[in-house]
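Computed from the coordinates by the stated procedures, all read-outs in this text should not be read as laboratory data. The structure displayed is predicted, hence computed values, not measured ones. We place every Cβ from the backbone using ideal geometry, glycine too, and count neighbours over all the protein chains shown.
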There are 2 protein chains.
Amino acid sequence: MRSGTNNAVVGQSGGPTAVINQSLVGVVEGFRSGPAASRSVRILGMRHGVSGLVRGDLLDLTEIPQDALDRVADTPSAALGSSRDKPDPEYCRRILEACRESDVRWFFYVGGNDSADTCRIVRAMAVQAGYDLRCLHVPKTVDNDLLGSDHTPGFPSAARFVATAFRADSLDNRSLPGVKINVVMGRNAGFLTGAAALARQREDDGPHLIYVPEVPFDSDRFVGDVDRVFSRLGRCQIAASEGIVDGSGRPIGATLIQGGQMDAHGNVQLSGSGALGDALASLVKDKLTSGRGTAKPPRVRADTFGYLQRCWPDPSPVDRSEAREAGRFAARLAAEGAEDGSVAIVRTSDSPYSSTFQRIELGEVAAQTRRMPAEFLAGAHDVSEAFLRYARPLVGELQDMAWL
Amino acid sequence: MRSGTNNAVVGQSGGPTAVINQSLVGVVEGFRSGPAASRSVRILGMRHGVSGLVRGDLLDLTEIPQDALDRVADTPSAALGSSRDKPDPEYCRRILEACRESDVRWFFYVGGNDSADTCRIVRAMAVQAGYDLRCLHVPKTVDNDLLGSDHTPGFPSAARFVATAFRADSLDNRSLPGVKINVVMGRNAGFLTGAAALARQREDDGPHLIYVPEVPFDSDRFVGDVDRVFSRLGRCQIAASEGIVDGSGRPIGATLIQGGQMDAHGNVQLSGSGALGDALASLVKDKLTSGRGTAKPPRVRADTFGYLQRCWPDPSPVDRSEAREAGRFAARLAAEGAEDGSVAIVRTSDSPYSSTFQRIELGEVAAQTRRMPAEFLAGAHDVSEAFLRYARPLVGELQDMAWL
């Protein structure tokens, strides 16, 4: 698509979230009232991220009415389509070429650390080629594993889903007591799994045990933990991250599933599958039953929350507003002449919660992973008060639930 | 617990729902303003259903403040605790004995067809023993598989969760296209799985294929269906009931899982497990990949919605109000001298939706299962317009979702 001079492209990448469209709309709004306000500048949406750019599959967003944008902003998932492509230098060369062909001078990419890395590589190539292309990254991830920011847009809404789910499921497990394992997204970081702790209202509410990737998981200790809670309360609700690993860093899913529950292809796949939850449930059934002699074996069930965590249409109020503002901030950076960078959220107060935005270097975010700091963990299977103080204002008010 | 004369007991049984507490509170409210208004009559909650009654584990609900009741009503799950016990005649004899010991003259039981059967057996035993015990059943089930009623409290809210989940997940699947299988509750009836169809906004929206227990499931036809949709759209979203069976009535979960994915114990368990979804995903990966030659194999994922379907705290407005009213109606029947019966919802208008309540015989509900009628099905893998007209007012308005 060739259209005038000095255009912008915007795209979305990686796993969608409940608010990634807020950021897309924020970029479009900010750009329309900034660089595109007084010149013949277009802002073009890339279909399915950079794969659409290199294929020339672009959607002109310059004139889209504000009410249509507002409806898109309030819709979960990536309205332009997303992509799992992780561009290598050759791919980035094609991105740069596509930008030159369409007179693109601003490249906005909403995504995780791989998207920041794409921005970084493309920007470096443009500099080398003497082509004026500004590359701005807008962060998103439900995992909250990006560096340089207090938290990442997308995480608060996913955390709100997880906390709500645990609170309701905990009462389900009081109704019909047993061992209930819920597997939560988060391959490298336990922030989302830890958010389950916000579900607790009473001292004996679940989750009673929380397992995150940051703490090596030991199967025998796990069964012992469950036995202790179950013996005390007659029930046990567990939050387990899909990314839990053993002491040598080997994924527990792989270990347990290859130990007897591998699928017909010999594949071990964690997301979009119930395999890890089912494997943990088997472990509890096996060992708890044999260890308890003739006592009635507990009812053991596992749910894997799956993709609903990233697309449930009840965003946290803070996330909804910050994701939009992060997009606008990136457009403002562009208007002010920034050549590249990512957007970081800086928390300015816990209570009442407030935040502001700042530009950070792409290299601070690109291709790196943040994990939960030690002060957010409490022992081997819980999160700390510091984590709850951190997460609570992000997630927002949860429904008060009553019990007789 | 011995307390005065002429008491009532109320209990909850079976899988909890988002509104089973509405019915509990409706019974208490109705009873307090009826039989218990002017006499020294108590209404006692059974902890974990009839198991609490026979153990003497009862909670006096007579004086509980209205605002506390209101908070319980708006909380999902069974606030008194529930039970999976299916009383046989000996168990029912102990129930009757416990009623006599506590001077219980009214027995209210909120539950499915097994609870109606318990009411029926206990009532027959009381009549035979010459003990004046009135037994009233208040229906609940997310499966909507009770006879004698337009629909069952609990179903509309679960259907609302399923429809919302499919609408959001369908956009997730547009963002990152692939084959996505979502497994929905409903062991004998496809109403809840069919409700996924309410998610559709555009012609090409998911769910593209819907498999219910009423239509025999054929693995080869399933793979062919998926291939056709995927070839046309580049994506395919599937709603599969956990209760799908083959032509001879054998559960597909059992067939597929025992064919290669059985757990370490040789158990096949459908609920609280991701096994069926994972087995269906393997089937698609296997056959679609080999059938497509060198074409890129589709991304295949499965989620099992699990217990969140029955406990998510966003009830449908119709369900919230009808579940409360069903409890009050049972109490009113008791006040008017009914000796036994269940509560049926009679739809009086589709648009605008309205309904009323009537007493039906316990035998009409007890120990029987309703299935989807033929006119609610369209071909082998969809529901009909008649079903959508039936389900839409129950589920209520869903969020409009926009796409670029």
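Annotations for the structure displayed:
- Derived scalar couplings between HN and Hα for segment B:99-106 equal 5, 5, 4, 9, 6, 7, 10, 10 Hz in order, rounded to whole Hz, by the Karplus curve 6.51 cos²θ - 1.76 cosθ + 1.60 (θ = phi - 60°), x for Gly and Pro.
- The antiparallel fraction among DSSP beta bridges confined to segment B:130-260 stands at about 10%.
- Angle in degrees between helix A:385-395 and the longest Cα principal axis of chain A, rounded to the nearest 10: 50
- With the Kirkwood sum run over all distinct C-alpha pairs, segment B:102-181 has a hydrodynamic radius of 15.6 Å.
- Each principal axis of segment A:13-163 carries a Cα extent, and these read 49, 34, 26 Å when sorted largest first.
- In the elastic network of chain B, a GNM with C-alpha springs shorter than 10 Å, the most mobile of B:H151, B:H137, B:H208 is B:H208.
- Rough spin-label spacing in nm, given labels placed 7 Å along Cα→Cβ, for B:D350 and B:E336: 2.9
- Cα pair count fraction exceeding 13 Å, expressed as % - segment A:1-47: 57
- GNM result for chain A, Cα springs below 10 Å: residue of A:D319, A:D220, A:D60 fluctuating most strongly: A:D220
- In units of the rule-of-thumb radius 2.2 N^0.38 Å, the protein assembly as shown shows an alpha carbon radius of gyration of 0.99.
- Distance cut-off 18 Å, percentage of C-alpha pairs in segment A:1-81 lying past it: 38
- B:D303 long-range amide H proximity, modeled H, under 5 Å: B:I181, B:N182, B:V183
- When B:R250, B:R359, B:R167 are sorted by how many other C-beta atoms sit within 10 angstrom of their C-beta, beginning with the fewest, the order is B:R250, B:R359, B:R167.
- For A:H48, the residues 5 or more places off, or on other chains, whose built amide H falls under 5 Å of its own are A:G81, A:S82.
- For A:K86, the lysines whose Cα falls under 25 Å of its own Cα, not counting residues fewer than eight places away in the same chain, are A:K140, B:K180, B:K285, B:K296.
- Within the protein assembly as shown, DSSP assigns beta bridges of which about 30% are antiparallel (rounded to the nearest 5).
- Principal-axis tilt of helix B:317-335 within chain B, Cα atoms, nearest 10 degrees: 30
- Percentage, to the nearest whole number, of Cα pairs in chain B over 28 Å apart: 49
- About its Cα centre, chain A has a charge dipole of approximately 400 debye under the convention of +1 per Lys or Arg Cβ and -1 per Asp or Glu Cβ, with nothing else charged.
- Exposed-site-free run, longest, chain B (rule: GluC sites (Glu not before Pro); DSSP loop; at most 14 other C-beta within 10 Å): B:64-202
- With its label point put 7 Å out from Cα toward Cβ, A:G130 sits 11.2 nm from the same residue's point in the other copies, in order from shortest.
- For the options B:V138, B:V245, B:V184, a Gaussian network treatment of chain B with springs between C-alpha atoms closer than 10 Å singles out B:V245 as fluctuating the most.
- Segment A:290-404 gives an Rg/Rh value of 1.11, both radii derived from C-alpha positions and Rh following Kirkwood.
- Inter-copy separations for B:A374, label at 7 Å along Cα-Cβ, nm, ascending: 7.1
- What sits nearest the axis between copies A and B, counting only chain A Cβ atoms, is the residue and whole-Å distance A:G274, 1.
- Calculated diffusion of segment B:127-221, Stokes-Einstein form, Kirkwood radius summed over Cα pairs, 37 °C and 0.692 mPa s, µm²/s: 211
- Likely footprinting exposure, A:S38, A:S321, B:S273, fewest C-beta neighbours within 10 Å first: A:S38, A:S321, B:S273
- FRET efficiency, A:D67 to B:A374 (Cβ-Cβ, R0 41 Å, nearest 0.05): 0.45
- Using a 7 Å Cα-to-Cβ projection, A:D88 label spacings across copies, nm, ascending: 6.7
- Here the Karplus curve 6.51 cos²θ - 1.76 cosθ + 1.60, taken at θ = phi - 60°, turns the phi angles of segment B:147-157 into couplings of 7, x, 9, 4, 7, 10, x, x, 5, x, 6 Hz, with x standing for Gly and Pro.
- Loop trypsin sites (Lys or Arg not before Pro), segment B:197-251 (other Cβ atoms within 10 Å of the site Cβ: 12 or fewer; DSSP): B:R202
- On Cα atoms only, tilt of A:20-33 relative to the major axis of chain A in degrees: 20
- Inter-probe distance in nm under a simple model that places probes 7 Å from Cα toward Cβ, at B:D85 and A:K296: 0.9
- Gyration tensor (alpha-carbon) shape descriptor, segment B:134-283, a/c threshold 1.5: oblate
- Residues whose placed amide H lies under 5 Å from that of B:F357, excluding near-sequence neighbours: B:V346
- Per DSSP, loop trypsin sites (Lys or Arg not before Pro) in segment A:305-345 with at most 13 further Cβ within 10 Å: none
- Using C-alpha pairs below 8 Å separated by at least 6 residues, the relative contact order for chain B is 22 percent.
- Sequence of B:V41, B:V395 once ranked by neighbouring C-beta atoms within 10 Å, starting from the fewest: B:V41, B:V395
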